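Trainee: Take a look at the following structure, please.
The values are calculated or read from the model by the stated rules, or taken from the named source; none is laboratory data. Just so we're clear, the structure is a prediction, and the values are computed from it rather than from any experiment. Don't worry about glycine lacking a Cβ; one is built from the backbone with ideal geometry, like all the others, and counts go over all protein chains shown. These accessible areas exclude ligands, DNA and RNA; they are computed on the full protein's heavy atoms, side chains included. Shrake-Rupley method; radii C 1.70, N 1.55, O 1.52, S 1.80 Å.
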Amino acid sequence: MERLGIIRGYYTLIDFAKLGYTLVRLYLKFQDTSPELEEHIIRYFVKEKTTLGVYRAEGTWDVTMGFLVKRLDDFDSLYKRFQMQFKRYIYKENISIFLEFMHYLRKYLAQEGQHDGKSFSTGKAEQVP
């Protein structure tokens, strides 16, 4: 199938829980900012070693971020430092701790009638020694 071009690549899914990490997501809605200040706030998180990704959004949230931490205290320390500097620019925030993630196969990749609805989860596995 690879030779015929049917399979063109592979998708890797890493179960970070097996490596001892917890995924924490942070959602922020800004207030009284400029585009330059928002970029400064985003760069604040990009430089952190625990940051998995930073994404601009529209609607309820202006930016969402993911962090991989060994201990929740690590995220708490990071966020408290952030608040000391930028709290007045945050209108609304939400912090989510991901304990388990359900991954569903993509229906649009299967021919009509061949999608079986199977899924798999990550995040609840035992840590690899």
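Trainee: For ILE14, what accessible area in Å² do you get when you roll a 1.4 Å probe over the heavy atoms of the protein chains, rounding to the nearest 10?
Mentor: ILE14 has an accessible surface of roughly 90 Å² with all protein chains in place.
Trainee: For segment 1-110, state which chymotrypsin sites (Phe, Trp or Tyr not before Pro) are in a DSSP loop and have at most 15 other beta carbons lying within 10 Å of their beta carbon. Walk me through the intermediate numbers first.
Mentor: Numbers: sites: TYR10, TYR11, PHE16, TYR21, TYR27, PHE30, TYR44, PHE45, TYR55, TRP61, PHE67, PHE75, TYR79, PHE82, PHE86, TYR89, TYR91, PHE98, PHE101, TYR104, TYR108; in loops: TYR10, TYR11, TYR21, TRP61.
Hits after loop and neighbour filter: TYR10, TYR11.
Trainee: With a 1.4 Å probe and every protein chain left in place, work out the accessible area per residue of segment 1-102 in Å², rounded to a whole number.
Mentor: Numbers: 7130 Å² over 102 residues.
Accessible surface, normalised per residue, equals 70 Å².
Trainee: As a test question: what accessible area, to the nearest 10 Å², does ASP74 have when a 1.4 Å probe is rolled over all protein chains in place?
Mentor: 60 Å²
Trainee: Give the ranking of LEU99, LEU19 by solvent-accessible surface, highest area first, calculated with a 1.4 Å probe.
Mentor: Numbers: LEU99 120, LEU19 90 Å².
Accessible-area ranking of LEU99, LEU19, largest first: LEU99, LEU19.
Trainee: Follow-up. Past 25 Å, Cα to Cα: identify those pairs from LYS47/LYS87; LYS18/LYS87; LYS92/LYS124, in the order given. Provide the component values of the computation, followed by the final result.
Mentor: On the way: LYS47/LYS87 19 Å; LYS18/LYS87 34 Å; LYS92/LYS124 30 Å.
Table pairs above 25 Å Cα-Cα are LYS18/LYS87; LYS92/LYS124.
Trainee: So, one more: How much length, in nm to one decimal, is gained on full extension between LEU72 and GLN85, taken as 0.36 nm per residue of separation minus their Cα-Cα distance?
Mentor: So the extension gain works out to 2.6 nm.
Trainee: Shifting gears a bit: List the trypsin sites (Lys or Arg not before Pro) within segment 6-76 that DSSP assigns to loop and that have no more than 16 neighbouring Cβ atoms inside 10 Å. Intermediate values should be presented prior to the final figure.
Mentor: Numbers: sites: ARG8, LYS18, ARG25, LYS29, ARG43, LYS47, LYS49, ARG56, LYS70, ARG71; in loops: ARG8, LYS47, LYS49, LYS70, ARG71.
Within segment 6-76, the qualifying trypsin sites (Lys or Arg not before Pro) (loop, at most 16 other Cβ atoms within 10 Å) are ARG8, LYS47, LYS49, LYS70, ARG71.
Trainee: Just need the relative contact order of segment 1-89 here, percent rounded to a whole number, with Cα pairs under 8 Å and 6+ apart.
Mentor: 32 percent
Trainee: Then there is this: What accessible surface, in Å², does a 1.4 Å probe find on VAL24, ignoring ligands, DNA and RNA and rounding to the nearest 10?
Mentor: Roughly 0 Å² of VAL24 is accessible to a 1.4 Å probe.
Trainee: How far apart, in nm, are two points set 7 Å out from the Cα along the Cα-to-Cβ line at LEU13 and at LYS124?
Mentor: 1.4 nm
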